[in-house]
Every structure is written in C-alpha cells, then in structure tokens.
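The structure appears right after this line, and notes come after that.
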Amino acid sequence: MTPERWQKVEKLCNAALECEGSQRVAFLAQACQGDDELRREVESLLAREKTAEGFLQSPALEIAAAALAKMPAGGGGPSLVGRDMGCYQILSLLGAGGMGRIWLARDSELGRDIALKELRPEKAGVDVLQTRFVREARITAQLEHPGIVPVYELGRRPDDQQPFYTMRFVKGRTLTEAAQDYHRRRIAGEADSLEFVSLMSAFVTVCNTVAYAHSRGIIHRDLKGQNVLLGDFGQVVVLDWGLAKLLDRSEDDLDSSSIVLDREAAEGRDLTLQGQMIGTPAYMAPEQAAGDFIDQRTDVYGLGAILYEIITGQPPFKGSDASDVLRKVLNEDPVPPSQLCKEVPAALEAACLRALKKDRVNRYAGAADLTYEIQTWQEVERRRAEEELDRFFNLSLDLLCIAGFDGHFKRLNPSWERVLGYTSQELCARPFLDFIHPDDRAATAQELAKLVTGAKTIFFENRYACKDGSYRWFLWTAIPSVKEQLVYGNAHDITHRKRTEEVVRGSEQRYRSVISAMQEGIILLDADGAIRACNASAERIVGLSGDQMIGRTAVDPRWRAIQEDGSPFPDETRPAVKTLRTGKPCSNVVMGVHKPDGELTWISINSQPLFGDDGKTPAGVVASFSDITERKHTEERLRQTIAELEGLKKERRGLLNHDRAELS
Ligand SMILES: Nc1ncnc2c1ncn2[C@@H]1O[C@H](COP(=O)(O)OP(=O)(O)O)[C@@H](O)[C@H]1O
Ligand SMILES: [Mg+2]
C-alpha cells in the first residue's frame, strides 16, 4: 500500500468512525464509489477496530492502523477477499482476534453464507498453534448446544495446507459492543431499560452454554464480551473455544458424555501447559494470571467479568499496560459496579463480585449456580414489576385495557365493570366495537387502523354502551406494541364534562340570543381594556361595526369622549378602566362619544368586573350602556325652557318693581 493510499484509507476510516453505526455503510458506499478495493480496505480496518483483541483488549485504531500500514488489508497477511477456497468464495473480513481471522464466505454448493476461520498468517507457520487450531475446531464441533455455533467443515487450504474451519455465520455484534452501546446511551439518557433486560437474558444464555461445556468436561478459559456474539435475531453464541481445556480427568473418566478427541487433539491437551499464561488480561482470573491450576471456577470468574461488563460497560480491570492490569488482577479488588453505575441492582452487583472473588473457593462452585442466582433475580424483578403494574392497574380510576389487534379486549381493570356495568368476561367475549356507539364506530375503527401501523392515539373520544342502555363518553390515549399485536389503552370517563359542555353550549346560545336582542349595548373588554365582543345594539349606538369596534380600547382617542360639562373624559375615570383597576362595578356614568361622522352620542354606562381563576384579579369587564342622547336633548330643552321661564319671571319681577316704584 502506498503512503498516499494509506492516508486515504485512514482518513475515510476516521470519518466512518464519526458516523453512527447504522449510517456507516451508506457513508462508505458513497465515499468509496467505484473503488471497491478501497471500501474493502476501510471496512476491514473498521472490522479490526471493532473486534481486534489486542493484549489489553483495547488495541484502538492505532495498533490496527500500524499493522495495516505494513501489510495488505485483511487482519494481517494478504486479504483473501475474492479468493476461492474449494467451494467457498471469500466475501469480506468479519473479524480478527488474537489467533485467527474470520471471513464471511459464500458456500457456492449449498448456496449459503458461512463464517470461515483460519489462523492469522503470522501464526500459521507455528505447528503447535496449528494443532491447537484443529483442536479448537473439533471441540467446537463436538459441543452441540444452541449457544455454540455449529461447525460445518474442517479443511485445509489446497495451496499451503493451512487448516481452516467453517461454521454458521451469525450476523450481529459482540456482547462488548452491545454493552458499551447501551451504557453510552444510558449516560445520554436515551437507553431503554428493556435493553438491559435483554443483555441480562443473553448473559443467562452464556452461563447456560458454559455450564453445558463444563458438563462435557470443557472449560473455555477466554470468556469475555468479545467472544460472545449477539445475533440480530436473538441468537446468543459463545465463540472462540481456541483456549478451551479438557478438565483434568484420567482417560478412564472420559465416558460418552465427555468430549472425545482423537490422538492428535488429545495430545493437544499438553499445549496448555500449566504455568503458561493464556487469555486476555482484563478478563483473566487471578489463578490464570499467576499460571496456577485451573478449573471450572476459572470460567465462573470469566462469567463474572462479562457480567461486570454488562452492568458497567467496562471490564473489571483497566490499566496503563498489560503488566499493570495483571498486577491489579492479582492484588486489587475490582471497583464495585455501583460506583460506576449507580442504578446497578444490588443483587447483580453482589453476584458479580462473588463470581470475581480472587480465591476461587469464595466464588460460585459452577456456572449453573451463577445462572440460578441471575434467574432468581430476574424472576424476583419480573414479579415485582408485575405486582407493581397490577397495583396501578387495579388502583386507577381511569379505564385501563390491553386490547388485541384482533379487535378484542385481552385485559381490563376493575374500573370498566364499575363504569359500564358489564363484567370483564362480558366485555372480552365480544369485539369491542360492539360496545361502541354506532355513530362512533367508523372513527374508532379508523383510529385502530392507525394504531396497528404503530401510531399513537391521543385525545380520541368515543362513546361506550353501559349495561343499562345509556352511553358514557371516553377520552382515549393509547400506544400500540406492534410486536405483541397489542394496544395499551387508557380511557378517561369524560361523560360529566361532555354533559356540562352541552348544557353550557345550550345556555350560551340562549344567552347570546338574549344579549343580541337587548336594547342596551353590551361590550366585553379583556384585561388590557380592549373590546373582545359586542352586540348589535352596541354597534348601533356608537355607530361602528363589530369589526371596527373589536380591538379598540376604552381609552382610544377616536371615541373623543367628553364629560357632561363638555370637558375631555379623563382616561383613568372611564368606567371600564376603573373597574379593571379596582375590581368594583361602576353605574350610570354619563359619557359623550363621537360617532365616526362626528355626531355626538350620549351614553350611560354600567360596568361589571369578570374575575379570573383566583376570584380576585379582574380578567375582563362587561360594560352595558344605553343611548341617552334623546334624554340629554330633552333635559337640555327642559333646562332651556326653565331658564327662559326664569328669565321671564325675573323680567316680570323687574317690571312689577318698576310699576310699584312709579306708583309709590
Ligand atoms: N461465526 C461467526 N459469525 C460472525 N462473526 C464471527 C463468527 N465467529 C467469529 N466472528 C467474529 O470474529 C471475531 C473474532 O473471532 P474469534 O473466534 O474470537 O477469533 P480469535 O480466536 O482470534 O479470538 C469475533 O469477535 C466476531 O466478531
Ligand atoms: Mg476471540
């Protein structure tokens, strides 16, 4: 690979790592358009980043990159992509561990994809490793359990006789990736607690698989999250039986239930000499690190390490280098999981720490005991959750239900019986649409159709029949579970509100007709003193249309409001303003306002406050007013007449006085 080419690969690789997992494929397809080789190189580098099992378990990109810079893509050594090995055509690199490279290949004879494992090229020449590799294939093949991939074939490459074996291809990700991903999202507040439950179920499968292997006289010795694959369809498989060891038994003990290896493989037992350290430091049991005697409790430790990874997102020990990690494995207690993740259930923390005890006599005696502990926790949790749910279910005053996509109720809380009068059995026996008001059935069926496609329901209303023939109004919120083909629904009885609304609607209509028929002008002003509504008489009296009036405030200069003496009406003493300020009504305030054509109209105003929720602060004002222009004119005329009369009287009195004076 040229330096330029390498730089390009590295750049793409870094960019791809920035992408969300799901977007990487699309990103690479786009970025490497037309250059398949480039894409393969980047993908294999990413695959290394994902699965490479460096000594410390964190080889990071640099190690992989450095290795790749020196050699062609493909987990070290020449890439096999595109090569034919017998009936297998190599498609891509699935992963590479400490020992091997795993390729995705096409079996052209059977027409299926398979995984093909071979030794890493730098290990391929070592006889003892070849023997161990063959042994790994045989042990894996003989361990027949749903938690272990079936081996299809053990073969040798036609050209150099290197061994390889083929097995079921499991599409998915490693338990390490799943646990890290879960904890990343947990910290970001985006994780679903169900994910943790499913990681724990996977863990139980791992424990059962290991217990099975123990029952066949095999210990794994390299249990860690990266050696567990979680398939996209719920498969959980324990991989990599390359370090597996036959439990020390004499040949006589090898009954039919024990693994039987042929001579070559049986000799392989000596490959794992006592005193030789094998495994991955971050997950390694102390006795393994010390090169001591090993038994199935070593695997119990490995299971504890996997559990630690699930509940905290990291292995039990971390350090600056391998020897630092090993020193901690031998001398230090792991950080209690609850210090790394405070939500860790106490029972799981206790089980994990017990499995990780330095002295194996303090651990669980076998994988089955740990399984039992975890399953007990799961059962206790399940019951607790169920009881909690039952309590809410039975306590709720709302009507709770679980209904099937088939149109039948599956479970109802006691509120249904109380509200509708039908028993749960009666309600479950017939399609629920039967109980719905005929006018609401079509809309309900339509809502249900939306739920079936995964949409939520909020604020949906319909009427349900009661046993006595009446109907109750329900307000629904519901969420579907498409996987379970169920709808979880919550109905709130809103019959009372509906009836009140009806009464209000009826009385509002009556009220409106009274108001509009009134001779008096009525206007409604909001808290800002702006007109919000008015009746026809108001429009007539002030000579404005409703549209012109709405929005005008009580102090709008266009009113050109005056007092009886003809002076401008002060803003602060206008009735609406006063009532808004004080909360007190005003009555019979006389005001002159000018119509748009300039004509002066006299009105007498009463104002009443409208109080808000607190009953203290006015939220508006109702002002009623009558046209008193006519009265004012009459009064004026009367005043003039009186004045005239007074004038006449004065004149008469003047004349009389004059006459008297003359007479005297
Ligand atoms: N059957 C398989 N299907 C899909 N991916 C696999 C399969 N076997 C192994 N892998 C991938 O390859 C990686 C390394 O495999 P492993 O058997 O652990 O190799 P090693 O012995 O070198 O550690 C695994 O972590 C996994 O990502
Ligand atoms: Mg491995």
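Please treat every number below as a calculation from the coordinates, not as lab data. Quick caveat, the model's predicted, so the values are computed rather than measured. Because the Cβ atoms are built from the backbone with ideal geometry, glycine has one as well, and the counts that use them run over all protein chains shown.
Suppose we flag chymotrypsin sites (Phe, Trp or Tyr not before Pro) only when DSSP calls them loop and at most 12 other Cβ atoms lie within 10 Å. Which is the longest uninterrupted stretch of the chain?
Numbers: sites that count: F233, F293.
In short, 294-664.
Could you compute the longest span of the chain free of GluC sites (Glu not before Pro) located in DSSP loops and having at most 13 other Cβ atoms within 10 Å, not counting the site residues?
On the way: sites that count: E20, E109, E144, E190, E332, E343, E484, E564, E599.
For GluC sites (Glu not before Pro) (loop position, at most 13 other Cβ atoms within 10 Å), the longest site-free span of the chain is 191-331.
Within the set of other residues whose C-beta is less than 9 Å from the C-beta of Y152, count the net charge using Lys and Arg as +1 and Asp and Glu as -1.
Details: positive: R168; negative: D107, E153.
For residues surrounding Y152, the net value is -1.
Can you compute the helix-only [θ] at 222 nm over the chain? Use -39500 (n - 2.57) per DSSP H run of at least 4 residues, normalise by all residues, nearest 500 deg cm²/dmol.
Numbers: 23 runs with 290 residues, N = 664.
Here the helix-only value at 222 nm equals -13500 deg cm²/dmol.
Would you mind checking which residues have amide H under 5 Å from F460's amide H? H placed 1.01 Å from N; only 5 or more apart, or other chain.
Placed amide hydrogens put W476 under 5 Å from F460.
Explain nothing, just the number: relative contact order of the stretch 492-558, from Cα pairs under 8 Å at least 6 residues apart, as a whole percent.
Details: 61 pairs, mean separation 15.5, N = 67.
Dividing the mean separation by the residue count of the stretch 492-558 yields 23 percent.
Given the pairs K450/K498; K117/K245; K410/K498, which span a C-alpha to C-alpha distance of over 22 angstrom in this model?
Details: K450/K498 25 Å; K117/K245 20 Å; K410/K498 28 Å.
From the list (K450/K498; K117/K245; K410/K498), the Cα-Cα distance tops 22 Å for K450/K498; K410/K498.
Just the number: Rg to Rh for the stretch 472-575, Cα atoms, Kirkwood Rh, two decimals.
Values: Rg = 23.8 Å, Rh = 18.1 Å.
Rounded to two decimals, Rg over Rh is 1.31.
I'd like the Karplus ³J(HN,Hα) series for the stretch 230-241: coefficients 6.51, -1.76, 1.60, θ = phi - 60°, whole numbers in Hz, and an x wherever there's a Gly or Pro.
9, x, 5, 10, x, 5, 10, 10, 8, 9, 6, 8
Testing the spin-label approximation: label points 7 Å from Cα along Cα→Cβ at A347 and Q608. State their distance in nm.
Modelled inter-label distance: 6.6 nm.
For a quick check of your reading of the filter: which trypsin sites (Lys or Arg not before Pro) in the stretch 587-651 sit in a DSSP loop and have no more than 14 other Cβ atoms within 10 Å? Display every interim value, and only then the final one.
On the way: sites: K616, R631, K632, R637, R639, K649, K650; in loops: K616.
Sites meeting the loop and neighbour criteria: K616.
Using a basic spin-label model with each label point 7 Å from the Cα along Cα→Cβ, how many nm lie between V482 and A29?
2.0 nm
So for the chain, Kirkwood radius off the Cα pairs, Stokes-Einstein at 20 °C and 1.002 mPa s: how many µm² s⁻¹? Before the final figure, lay out the partial values.
Values: Rh = 33.4 Å.
The diffusion coefficient I find is 64 µm²/s.
Excluding K578 itself, calculate the net charge of residues whose Cβ lies under 9 Å from the Cβ of K578, where each Lys or Arg counts +1 and each Asp or Glu counts -1. Please list the in-between numbers first.
On the way: positive: R574, R581, K584; negative: E572.
Spelling it out: positives minus negatives among the neighbours equals +2.
Whole-Hz Karplus ³J(HN,Hα) for the stretch 514-521, in order, using 6.51 cos²θ - 1.76 cosθ + 1.60 and θ = phi - 60°, x for Gly and Pro?
Values, residue by residue: 5, 4, 6, 7, 6, 6, 6, x Hz.
So what's the net charge close to E651: Lys and Arg +1, Asp and Glu -1, counting the other residues with Cβ under 14 Å from its Cβ?
On the way: positive: K649, K650, R652, R653; negative: E644, E646, D659.
With Lys, Arg at +1 and Asp, Glu at -1, the net is +1.
Could you tell me which trypsin sites (Lys or Arg not before Pro) in the stretch 478-567 are loop residues by DSSP with no more than 16 other beta carbons within 10 angstrom of their beta carbon?
Details: sites: K483, R497, K498, R499, R505, R510, R512, R532, R540, R552, R558, R560; in loops: K483, R552, R560.
Passing both the DSSP loop test and the Cβ count: K483, R560.
Students often forget the sequence filter, so: which lysines lie under 29 Å Cα-Cα from K649 once same-chain residues fewer than 8 apart are removed?
Candidates past the 8-residue exclusion: K632.
Using only the Cα atoms of the stretch 370-508, construct the convex hull and provide its projected area averaged over every direction, in square nanometres to one decimal.
Numbers: hull surface 41.5 nm².
Average of the hull's projected areas for the stretch 370-508 equals 10.4 nm².
So who's got an amide H within less than 5 Å of the one on G98, skipping anything under 5 residues away but keeping other chains? H placed 1.01 Å off N, in plane.
E53
Place a point 7 Å from the Cα of A643 along the Cα-to-Cβ direction; which residues of the stretch 588-612 have their backbone N under 14 Å from it?
none
Explain nothing, just compute: Karplus ³J(HN,Hα) = 6.51 cos²θ - 1.76 cosθ + 1.60, θ = phi - 60°, for every residue of the stretch 495-506 in order, whole Hz, x for Gly and Pro.
4, 4, 4, 4, 5, 4, 4, 4, 4, 4, 4, x
Which FRET efficiency value, to the nearest 0.05, is calculated for K467 and R384 with the Förster distance at 30 angstrom and r the Cβ-Cβ distance? If you can, show how the numbers build up before the last one.
Numbers: r = 36 Å, r/R0 = 1.20.
Efficiency at R0 = 30 Å is approximately 0.25.
Using r as the Cβ-Cβ distance of T453 and A517, and R0 as 45 Å, what FRET efficiency do you calculate, to the nearest 0.05?
On the way: r = 52 Å, r/R0 = 1.16.
After rounding to 0.05, the efficiency reads 0.30.
Which pairs, out of K123/K171; K224/K358; K123/K318, put more than 19 Å between their alpha-carbon atoms? Mind showing how you got there, number by number?
Numbers: K123/K171 26 Å; K224/K358 17 Å; K123/K318 27 Å.
With Cα atoms farther than 19 Å apart: K123/K171; K123/K318.
Return the long-range amide H neighbours of V149 (sequence gap of 5 or more, or a different chain), with a cut-off of under 5 Å between placed amide H atoms.
Amide H neighbours of V149, under 5 Å, 5+ apart: V238.
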